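Structure first, commentary second.
The values are calculated or read from the model by the stated rules, or taken from the named source; none is laboratory data. Computed from a predicted structure; not experimentally measured. We place every Cβ from the backbone using ideal geometry, glycine too, and count neighbours over all the protein chains shown.
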Protein chains: 2
Amino acid sequence: MRDDESWRIRRTDADLDRLGETESLLALGNGWIGWRGTLDEGEPVEMPGSYLNGFHERRELTYPEDGYAFPQHSDTVVSAPNAALVKLWVAGEPLDLRTGTLRTHEQVLDLRAGVVERRTEWISPGGHGVRVRSTRLVSLPRHAVAAVRYEVEPLGDDPVPLRVCSDVQANERVPERGDDPRAATVVHDPLTAEARRSDGCSGVLVHRTGRSAQRVAVAVTHETEPPDGFTTSDDCTPDRLRLTVEGRLRPGDRLRITKFAAYECAPVDGTPPDALADLVAAEAADAREHGFDALLADQRAALDALWTTADVELDGDPELQQAVRFAVFHLLQAGRPDGDRTIPAKGLTGNGYDGHVLWDTESYVLPVLTYLAPEVTRSALRWRHAHLPEARERAAELRLPGATFPWRTIAGRECSGYWPAGTAALHVNADIADAVLRYVAATGDEEFVGEAGLELLVETARLWHGFGHWSDDGAFHVTGVTGPDEYAALVDDNLFTNLMVRRNLRGAADAAERHPVRAAELGVEAAEIAGWRAAADAVAVPYDRKRGVHQQAAGFTEQPEWDFAALTDDDYPLLLHFPYLELYRKQVVKQADLVLAMQRCPGEFTAEEKARNFAYYEARTVRDSSLSAGSQAVLAAEVGHLDLAYDLFAEAALHDLADLGDKTTDGLHLAALAGAWTAVVEGFGGLRDDRGDLSFAPRLPARIRRLAFSLRWRGQRLRVTLTRDEARYELPDDPDGTVELRHSGEPVRVTGAAPVTLPMPPVPDPGPEPPSPPGRRPHPRSTP
Amino acid sequence: MRDDESWRIRRTDADLDRLGETESLLALGNGWIGWRGTLDEGEPVEMPGSYLNGFHERRELTYPEDGYAFPQHSDTVVSAPNAALVKLWVAGEPLDLRTGTLRTHEQVLDLRAGVVERRTEWISPGGHGVRVRSTRLVSLPRHAVAAVRYEVEPLGDDPVPLRVCSDVQANERVPERGDDPRAATVVHDPLTAEARRSDGCSGVLVHRTGRSAQRVAVAVTHETEPPDGFTTSDDCTPDRLRLTVEGRLRPGDRLRITKFAAYECAPVDGTPPDALADLVAAEAADAREHGFDALLADQRAALDALWTTADVELDGDPELQQAVRFAVFHLLQAGRPDGDRTIPAKGLTGNGYDGHVLWDTESYVLPVLTYLAPEVTRSALRWRHAHLPEARERAAELRLPGATFPWRTIAGRECSGYWPAGTAALHVNADIADAVLRYVAATGDEEFVGEAGLELLVETARLWHGFGHWSDDGAFHVTGVTGPDEYAALVDDNLFTNLMVRRNLRGAADAAERHPVRAAELGVEAAEIAGWRAAADAVAVPYDRKRGVHQQAAGFTEQPEWDFAALTDDDYPLLLHFPYLELYRKQVVKQADLVLAMQRCPGEFTAEEKARNFAYYEARTVRDSSLSAGSQAVLAAEVGHLDLAYDLFAEAALHDLADLGDKTTDGLHLAALAGAWTAVVEGFGGLRDDRGDLSFAPRLPARIRRLAFSLRWRGQRLRVTLTRDEARYELPDDPDGTVELRHSGEPVRVTGAAPVTLPMPPVPDPGPEPPSPPGRRPHPRSTP
């Protein structure tokens, strides 16, 4: 791996008017703690955020017209006390980049080191110059630990009076973010102080939330290396711990403060405040004992191990090379390999969508992590399993069998406040089942099936079997649901849903037969399995014979067309300018839906159907969702429109880096980032594994000379290297390993003994590129 | 007309635990003022209410997940200051029916006198007995005037110290009514005092609302006839006017106080407070000048005139005879013949549905008043016309052509907070057009067409023409809408909607051709008219050939059946026990929808189709809406199921009198009351006029010996009298009059010269009664 700019995300003084983006892009996390990339001094700030996975407050939902089973509460992410803060006063004036003179400034996210480095040279309004450097990390190996090293040097020839305050601040003010329905609901002052300790360089704050009854403790301990003449003092209020170091810093001297923080949370009726305080204090002390440099070394070692599998090399487009590494980095740090934590739609990088977990996790993020860090997928699926009780309760409330998982949630309860695009989007249940099946196929982890996977499959299969119905036409129909396309709702036989239901039912049947004892414990009998298989075989597949295309849902292709000619660029996203009344009943598609069905269930369509379907839906898909571009790229590549595929890939990859959706401030779109990897590996690598068979149909876009990536597959690391002429498959880590795969349809056996090199298959000629809706074709960058 | 109990609604001490019902049942109104039938003393009370038509406050709506064009405000009815109050203290103890000893008590609504008489004999806890009598009226001829006469006599042999306070109270406390979504939203203390006057026996309060910026003034003036030794004083605070009369009342003496009240309201930027105060003071003084007995005489004369047309004589079922007169009385007093006021769903009898106007008005109430008091229909349609600007604005917001009238409103703006059953119920626009067409057909009032009707027809026709679309099948489709059945939403080609669209388009075309000059002013050209006619001819009519029935909407009969066998009585109404997710996708019908289509557009179906459709939908209709029974009764009668028709009629007629829906406290269900008349006249009288041709196909139910009713038809009063053997048609008021009609299909010419008597036609034998859903057949009372 070359040490070039593709491994760094650099934000400078030129980006200071887009602080919110910087805060999201430079967020650090380890699947447990998330620290946004705020400035050390906490100001200026667009959206502060220091999150713990699952830590939230509960609030009431009210409806102008309430209805049965409308959720009456929602959970919303709130910040834990922020321990990242280090504030500086120079001769009494606060370091604030909006004042004085900024000579240089940058914050750099180092994707291999896993740290954010900050460098600032600033002349205070009073004329005192300082150089500030900081290094911030959220430890990947130590789930509870984050740390900051902060250094100040004088720039001029005179001593400078300095005061540095290292703070932990609870209830930081979070600004409201306008009336966009996709932004977060802000809960002000969510934390109530329960206990505090302060002892020189160390301290602990313990707080609790009100209605969600969660307790959070944060400990900090410091290493200070003050030059002579500096004094240290501490101060503790219910919402703030502060260590103050002050004195006159001489030219050539350096003031350095290193802060080690540890976070835990627990239910209020779980660990008592003192015990939780003891725990975090010990974790912080242990980190200090280990030392900052050792934390840095551990961090790099952990990332080195991850990058060995996860790196994607993309020769020919340095910007997208960087974007893909950025994407993969954020996916890697979003989850944890241990325990049962999941990954919210924005990870722990912002409070968008109220910090909720949506179908994004199982449908976009886990299918990537299954190949790069399957332990993280397992952990996230265990989290779903841990919330089966709430899903069963919700199904009972909805008067349905089995389990219905929430459309939006933090703690397992349904938090969606608009049921036609929430509760009705039952496909999330099949998406979870699909993630289980993919994980098991890629890992062969049958132990997980017995422990959690089978129960997830069975309860979702029961839902579908009871929810669907047999009709006169001999088909099994799933009606009145909402599919992935949110510009349609309450449709019949959404094809994506139906094909995923088929996978769900068959997957449950297969797994139950492989695990008969566990299946019997779950009350599964042969007749139930037979019912699942019969329904799976018969699911309705709406098809328009006249137009020769599948229907996104029954009747879709007979709906009125959208009047694209009447639109201007200002009319996008359509959901902010048109009522659902119009969007729902017309042939306008927000995001890949039938196209996603072709991606997830490729064996259900012929190549010709895929090409016709792709062209038909491409012309009607406006990509008002960040979830869409990656999937469209995969299918564009498959049917042979490589330029379009490349431009769609670029859109997914740059969604946050270029803030294409103008929402990056609220947090990163992890599913879009996952889409970037997916566009490369499923699109250009041609990876498919929907039936547990690994296959590749590689095809390089014009601009890319060489593409290399790795996958974990049943305990092996398979490395794939593609050039214009050749595809090389190898197992670099295990001389005794073997992987069976297909290359362009032909079976190939790869062993650890030697790479297999095969010619690149020809790309089908699909004819002219199908039109996108006017003004909605992705920006062209396919030709350099 | 015999003077029997069928002309009175009597509530006694036995009803004191159902005060809320009494308050609604005994409400008085004149289409402008509405006084609930509360006790004079104001306590105990379940729901106070003194309303002015259109007087409301505005409040914010908030959504858990907001969407484009979701209404951000709603209007909600609030009480004007209550001038009905007269409070009594007996030897220092307040008259309160919950204390002391109640010897007798009754409140009687006299349907011919148009007053509520109250008689109470009460022994105070201290042992002093009094007889209290009051008479309350809301003047039909004088829109602004209401009055109360209040009398007290001692019951025992000793003088009784009395204090009587005649109050006007603003901001009476309104209790919250639980979490049923159909109840009102309570706005506390909606009125702010602006001005007050008090001058002995007279006084005025002027208040304003906050956000809706409406000003209300109420004046009172009193006639007191105090016996010797009584003193009178007055007292005035911002929210209360009080006249106090006190002294010792000797046996044989009587204390009588008569209060004359007048109400007006205006926009805050309209009439200034003083001018409004002057106006109401003059109106109150004028009423006093006229005298209470003269007001009583005027009231009876006004009602006599109305009852001449409106009375329905139903020999054989005294309870339903009373119920029908009760229903007609409330319909008559709900509207005004002058100006441009409409009739909310609950009239002015309660704050249910926030006092909103819904489609109930044009679809249920106006079709009755068109025959009984067509001036009231005209006034209500003028109100719609006055709110065309808001309807055009709303259409533009929805990015639709023409006008879209609100689903719920007070002041013309959309106030519905659940769009799938609000904004999407576009049929309200066709319902308004239909009410225009029926009014014009019954009255021949072409002046109204030029002034308002044509514009209503044209703007709604434009909506449909732009909203619908032509499909490959050569049909004109209206998709993604919600029909009358609220257990379905966002359906395609709801048959009721489509047939009403056809009427709307054709009616607009016909009217435009009859009024070419006005049409040209509205920009209607020949091509537009041709487009309307083409679409009207081609509207899709979904039909299930296999089952031989029409479909409520495309695909309805292929939806899963509802599992009625699994229900218990506690599961009704279903909307409080099942999610829309289940209700919408299954064959369960809340209320007449296809059946309503057959009622409104009878010429669109053959007799055989009606019979098959009725049976199919009867088995799936649960009548969770009070709108339903009347329409089902009409069709049951038409297809020949007279026992079922009678029982459905009874359910409609008794809906409020017997509080079948447990919601009468919130106000009367005017559409259900209208349904009672409709069941009688359209069901048993067999009245139809959907194409402007008046026809009757009469058939008496078993229990009814004789049925007589009248209609106003093109300036004539047509009286119809049905017995077992004969139908008699006559024009009693105009010896020179002529009406053409059909009797059982045969043309008949009725003149003022002599009645026409014809044999009753045979009733078709429809075979066995179709099943209703288990447990949902109406209570049988068809056989005495």
Worksheet item: Mind checking whether some residue in the range B:546-557 is free of Cβ contacts under 8 Å to residues at least 60 places away in the same chain and among the hydroxyl-bearing types (S, T, Y)?
Response: yes
Practice prompt. Please indicate, with yes or no, whether at least one residue in the range B:461-477 is more than 14 Å from every other protein chain (Cβ to nearest Cβ), out of contact with any strand residue (DSSP E or B) (no Cβ under 7 Å at 6 or more places or on another chain), closer than 21 Å to B:D537 by Cβ and buried (at least 23 other Cβ atoms within 10 Å of the Cβ).
Written response: yes
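Let's see how each residue does on (1) in contact with a strand residue (DSSP E or B) (Cβ under 8 Å, 6 or more places away or on another chain); (2) surrounded by fewer than 19 Cβ atoms within 10 Å (Cβ to Cβ):
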residue: A:S6; (1), (2): no, no
residue: A:T22; (1), (2): yes, no
residue: A:G34; (1), (2): yes, no
residue: A:M47; (1), (2): no, no
residue: A:P64; (1), (2): yes, no
residue: A:H73; (1), (2): yes, yes
residue: A:P81; (1), (2): yes, no
residue: A:A84; (1), (2): yes, no
Worksheet entry | Subset of the range A:640-665 (residues that are surrounded by fewer than 24 Cβ atoms within 10 Å (Cβ to Cβ) and closer than 20 Å to A:H550 by Cβ) | A:G640
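Listed here are the residues, each with its yes/no results for (1) surrounded by fewer than 18 Cβ atoms within 10 Å (Cβ to Cβ); (2) part of a helix (DSSP H, G or I); (3) not hydrophobic (A, V, I, L, M, F, W, C).
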site	(1), (2), (3)
A:L205	no, no, no
A:R211	yes, no, yes
A:R215	no, no, yes
A:A277	no, yes, no
A:A285	yes, yes, no
Discussion item. Based on this model, can you work out whether B:P759 counts as out of contact with any strand residue (DSSP E or B) (no Cβ under 7 Å at 6 or more places or on another chain) and in contact (Cβ under 8 Å) with a residue 12 or more places away in the chain?
Written reply: no
Practice prompt. Quick one: which helices (runs of 4 or more DSSP H) lie wholly within the range B:525-625 and hold at least 2 residues that are within 14 Å of chain A (Cβ to nearest Cβ)?
Written response: B:580-585
Discussion item. Can you tell me which residue is farthest from the other protein chains (Cβ to nearest Cβ) among those in the range A:478-510 that are outside any helix (DSSP H, G or I) and within 17 Å of A:E604 (Cβ to Cβ)?
Written reply: A:P484
Worksheet entry | Count of the range A:689-720 residues which are within 28 Å of A:L657 (Cα to Cα) and in contact (Cβ under 8 Å) with a residue 60 or more places away in the chain | 15
Item to complete: Answer yes or no: is there a residue in the range B:226-245 that is over 28 Å from the mean Cα position of the chain (by Cα), under 17 Å from B:L88 (Cβ atoms), assigned to a strand (DSSP E or B) and basic (K, R).
Response: yes
Discussion item. Could you check the range A:420-456 and list, in sequence order, the residues that are within 14 Å of chain B (Cβ to nearest Cβ) and either in a helix (DSSP H, G or I) or not aliphatic (A, V, I, L, M) (or both)?
Written reply: A:P420, A:A421, A:G422, A:T423, A:H427, A:V428, A:N429
Worksheet item: Can B:A396 be described as in the same structural domain as B:T497 (by TED's automatic domain parsing) and in contact (Cβ under 8 Å) with a residue 24 or more places away in the chain?
Response: no
Worksheet item: In the range A:706-715, is there at least one residue being more than 24 Å from the chain's Cα centre (by Cα), closer than 19 Å to A:W307 by Cβ and of a type in the set (D, E, K, R)?
Response: yes
Item to complete: Look through the range B:396-418, keep the residues that are within 11 Å of chain A (Cβ to nearest Cβ) and among the aromatic types (F, W, Y), and return whichever of them is nearest to B:A461 (Cα to Cα).
Response: B:W407
Item to complete: Out of B:V365, B:V357, B:V328, report the one residue that is more than 30 Å from B:L463 (Cα to Cα), away from chain A (no Cβ under 14 Å) and of a type outside the set (G, A, S).
Response: B:V328
Worksheet item: Do we have A:D666 as among the acidic types (D, E), in contact (Cβ under 8 Å) with a residue 60 or more places away in the chain and more than 26 Å from A:V440 (Cα to Cα) here?
Response: yes
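Within the range B:323-413, considering only helices (runs of 4 or more DSSP H) that don't extend past its boundaries, which have at least 1 residues that are among the hydroxyl-bearing types (S, T, Y)?
Here the list reads B:366-372, B:374-386.
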Practice prompt. Give the number of residues within the range B:98-112 that are crowded, with 19+ Cβ neighbours inside 10 Å and outside any strand (DSSP E or B).
Written response: 2
Worksheet item: Got a sec? Which of B:D510, B:D544, B:D493, B:D537 is acidic (D, E), closer than 30 Å to B:L581 by Cα and surrounded by fewer than 24 Cβ atoms within 10 Å (Cβ to Cβ)?
Response: B:D544
Discussion item. So for the range A:748-768 (the condition being among the hydroxyl-bearing types (S, T, Y) and part of a loop (DSSP other than H, G, I, E, B)), does at least one residue qualify?
Written reply: no
Worksheet item: Where in the range A:1-81 are there strands (runs of 3 or more DSSP E), lying fully within it, with 3 or more residues that are within 14 Å of chain B (Cβ to nearest Cβ)?
Response: A:56-60, A:73-77
